Amino acid sequence: MELVFENIPFFLKGAYYTLYVTVISMFFAFIIGVLVAIARLKGPMWLRMIARFYVSIMRGTPLLVQLFVIYYGLVDYGVTLGSLTAACLGLSLNAGAFLSETFRGAIQAVPKGQTEAAYATGMTPAQAMRRIIFPQAVRIAIPPMGNTFIGMLKETSLVAALGVTELLRSAQLLVAQYYVNMPFYLAIGVIYWIMSIGFSAILEQVERRLARAY
Amino acid sequence: MKSRKGWTLTALLLMTVLVLSACGSKATDNGSSNGAQANNELEQIKSAGTMKVGMMGTYPPYNFLNDKKEMDGFDADIAREVAKRLGVKVEFVSQEFSGLTPSLQSKKLDAIVSQMTITDDRKKVLDFSDPYITNDVKIIVKKDNNDITKLEDFKGKTIGVGLGTNDETYLRNEVLPKVGDFTIKTYDDVITSLKDLDAGRIDATINNLYALKPIVDANGFNIKAVGEPIKSDQAGIAVRKDNPELVAALNEALKGMKDDGTYNTIFKKWFGEEPAQ
């Protein structure tokens, strides 16, 4: 265990990259998720088809394969992304698809009467969406969204395969240095756990704040 | 259905944001180049001022993380010295061995210095510098195992080997047809394969003796090398194909190191003996 304490700075560096990739991907995944959900619900037919296709591909193939396609595959077509860029892009696109399903469900869960009432007061569909439907849907979406985000935090370990020295890779390097497994893998397990607790706490706060109006 | 226009606009916005989000995250990483096609990669490295060198980082004493959390070891010292002689800094990227070649080919790396054995198969896709080390490869088993002493004894056993390594190709293409059926279990780094050997999950592995020494020194494992060397491998610095200027510069640097004794100093530092002539 002493070894773990000695190497905490090194782990923190790994944790930094894990967090970095997670937070950036969360941000873009959120945007992608909202837009794709709206596109699937309200978009013209061709856009719905594209959105469905996208969700189907992202959910139906392993994240690691997607990361390899982006990192190693795109190079053949002249797009050379750095490790971190490819990692963030891959995770955003992947989590965005999952989130879009969450949001779609949440939007559909808002009673139809709400939309009708909004229209009755003279709102346009866009206004109704923004002012009435969306605020309610976000509340419904938070718990499943938390699932996706925390899942993503852990899936960042796949990024080690692209040459990013995040938490898992940090542990692997230390194992090779000291020839012991258990303390290092336990340590990163604990770090992942602490980070996911942090994310849950933040989401809980958001949930509470959004509930205040009710 | 009234304002279809509004949704078309949203759709347009969606596309823009999707594209922007891709660019936005791109801007967070300055390590990417959009495949600039200068002919001479030596000049490219020199003008960048750094050479990106890929290595496993989990293969002591060749390449591993030292106490100061820097890449260290024989490979790292060789790479540093070569870079110094090219007049550039070196930037190490640690990656699983099987990912190194794809990374080099997709221009994420400039060179691989990670005990990559020079083979004809690899020469089809990579170029190599002159060899900078020769390793004898032996069979490695648990200390109390006396059943396996030669390749023929592999029959019916489980043999571990690094994924994508020259040893894997050798086991699959040469040993397997000759010896008969045995199971090959692949690993992403050397340490894990030796750990599994120690834990009894595989019967044997093949590796070179220098790699074994620090592990035995650290008293971690009850393992031993047996029999005569099954083969002798030469490792070189791997670079992308059709890169004669870079290869020539690397060879010149390696030759300079050998001539002025720097190479011997590095070799002795890590292996405690003079390099074989």
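Which numbered condition in (1) touching an Asp or Glu at 6+ places or on another chain (Cβ under 7 Å); (2) assigned to a loop (DSSP other than H, G, I, E, B); (3) among the hydrophobic types (A, V, I, L, M, F, W, C) is the only one that A:Val79 fails?
Every condition holds for A:Val79 apart from (1).
Identify the residue in region B:61-88 that is of a type in the set (Phe, Trp, Tyr) and in contact (Cβ under 8 Å) with a residue 24 or more places away in the chain and, among all such residues, is surrounded by the fewest Cβ atoms within 10 Å (Cβ to Cβ).
Once the filter is applied, the top-ranked residue is B:Phe74.
Among the residues of region A:73-85, which ones are hydroxyl-bearing (Ser, Thr, Tyr) and either more than 12 Å from chain B (Cβ to nearest Cβ) or surrounded by fewer than 18 Cβ atoms within 10 Å (Cβ to Cβ) (or both)?
If the condition is that a residue be hydroxyl-bearing (Ser, Thr, Tyr) and either more than 12 Å from chain B (Cβ to nearest Cβ) or surrounded by fewer than 18 Cβ atoms within 10 Å (Cβ to Cβ) (or both), then A:Tyr77 is the only one that fits.
Can you name every one of the helices (runs of 4 or more DSSP H) wholly within region A:97-214 that holds 3 or more residues which are within 14 Å of another protein chain (Cβ to nearest Cβ), surrounded by 15 or more Cβ atoms within 10 Å (Cβ to Cβ) and touching a Ser or Thr at 6+ places or on another chain (Cβ under 7 Å)?
So the answer is A:167-178.
Pull up region B:149-207, narrow it to residues that are touching a residue at least 60 places away in the same chain (Cβ under 8 Å) and aliphatic (A, V, I, L, M), then point me to the one that is farthest from A:Leu174 (Cα to Cα).
Among those that are touching a residue at least 60 places away in the same chain (Cβ under 8 Å) and aliphatic (A, V, I, L, M), it is B:Leu151.
So which of A:Ile8, A:Ile38, A:Ile24 ends up being modelled with pLDDT of 95 or more and among the β-branched types (Val, Ile, Thr)?
A:Ile24 is the lone residue from the list that is modelled with pLDDT of 95 or more and among the β-branched types (Val, Ile, Thr).
Do you know which residues across region B:76-110 are assigned to a loop (DSSP other than H, G, I, E, B) and within 14 Å of chain A (Cβ to nearest Cβ)?
Applying the first criterion (assigned to a loop (DSSP other than H, G, I, E, B)) to region B:76-110 yields B:87-88, B:95-96, B:106-110.
Within region B:76-110, B:Gln95, B:Glu96, B:Ser106, B:Lys107, B:Lys108, B:Leu109, B:Asp110 meet the criteria.
Would you mind listing the helices (runs of 4 or more DSSP H) fully within region B:179-264 where at least 1 residues are within 14 Å of chain A (Cβ to nearest Cβ), in contact with a strand residue (DSSP E or B) (Cβ under 8 Å, 6 or more places away or on another chain) and crowded, with 16+ Cβ neighbours inside 10 Å?
Output list reads B:190-198, B:209-217.
The values are calculated or read from the model by the stated rules, or taken from the named source; none is laboratory data. For clarity, every value in this text was computed on a predicted model and none was experimentally measured. Virtual Cβ from ideal backbone geometry, glycine too; neighbours counted across all protein chains shown.
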